[in-house]
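What follows is a set of notes on a single structure, which appears directly below.
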Amino acid sequence: MTTVTTRTVEYPADGLTMVGHLALPAGVERRPAVLVGPEGTGLNDFQRRRADALAELGYVALAFDLHGGRWFTDPQEMLARVMPLLADPDRMRGIGHAALDVLRAEPRTDPDRIAAIGYGTGGAIALELGRDGVDLRAIGTVNALTTGRPGEAARIRCPVWAGVGSEDPIMPAGQRDAFAAEMQAAGVDWRLVVYGGALHAFHHPPVDQPVVPGVGYHPQHARRAWRDIVDLLAECLPVTE
């Protein structure tokens, strides 16, 4: 297995001190890099392990923070922070740009080869970076079919892959249709994969705490969605030895 080194990085964003997780592949040369955004509850070991897995594949990976180092265990408290954030594209972009600056400043990062992936709220932030015209090689999201301000999707400069569960009540069919219409009208190279029978946050293993209604783990589709994201990165952001 490739030797991966990790470290915690602190940086300011959204009026908070964010606590991200940076994972570096073996070697000293510059490598393509990936931002990894967490779902609304915050950054936890699940996303940290995702960053580590990407580093094992040869990417510099930064799992970024949403809540100043907090992981929300109370669903209502989480929604009270996340819903206003999701309604404010400029705040989302601020969080995304702050993390992107950290990733670009890492000497191992090739600043011209960066992708953004994310889950839930973190995926919405990845999409907002695209709508803000950031030069990304790919955007991959799971459970993040958010639509942006009119016309701004035309600024997206890379392929967009989105995955969602067919039974997700938080991202229902109407939202899937609106996202697809936005991407298509903007001329984006987009794909939408609907995982049959899956609920919201189907990618995330069960947690020992209350969750919002409509959340449920689907291990088979979780594995498939991860493979789909890895394939997206292999296509758009190949690691060349």
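At-a-glance table
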quantity	calculated
Å² per residue, accessible surface of the chain at 1.4 Å	41
Rel. contact order, % - alpha carbon contacts under 8 angstrom, at least six apart, the range 1-87	31
Potential extension, Ala173-Asp110 segment - 0.36 nm per residue separation minus Cα distance	18.9 nm
Candidates Gly120, Gly20, Gly216, ranked by Gaussian network fluctuation over the chain, Cα under 10 Å, top entry	Gly216
Residue-wise HN-Hα coupling along the range 54-60, computed from phi with Karplus coefficients 6.51, -1.76, 1.60 (Hz; x: Gly, Pro)	5, 5, 5, 7, x, 9, 6
Highest-fluctuation residue, Ala124, Ala153, Ala186 considered, GNM on the chain with Cα pairs under 10 Å	Ala186
Per DSSP, loop GluC sites (Glu not before Pro) in the range 1-105 with at most 11 further Cβ within 10 Å	Glu29
The chain - percent of accessible surface contributed by carbon and sulfur, probe 1.4 Å	52
For Arg155, net neighbour charge (Lys/Arg +1, Asp/Glu -1) across residues whose Cβ lies under 9 Å away	0
Computed magnitude of the charge dipole of the range 123-216 (debye, nearest 20; Cβ of K, R +1, Cβ of D, E -1)	220
With at most 16 other Cβ atoms within 10 Å, longest stretch of the chain clear of loop chymotrypsin sites (Phe, Trp or Tyr not before Pro) (DSSP)	72-216
Rounded to whole Hz, the Karplus (6.51, -1.76, 1.60) HN-Hα couplings of the range 138-147, x for glycine and proline	6, 10, x, 10, 10, 6, 9, 7, 8, 9
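The values are calculated or read from the model by the stated rules, or taken from the named source; none is laboratory data. Just so it is clear, the model here is predicted, and its values are computed rather than measured. Methodologically, a virtual Cβ is constructed for each residue, glycine included, from the backbone with ideal geometry; neighbour enumeration extends over all protein chains shown. Only protein heavy atoms, including side chains, enter the accessible area calculation; ligands, DNA and RNA are left aside. Shrake-Rupley method; radii C 1.70, N 1.55, O 1.52, S 1.80 Å.
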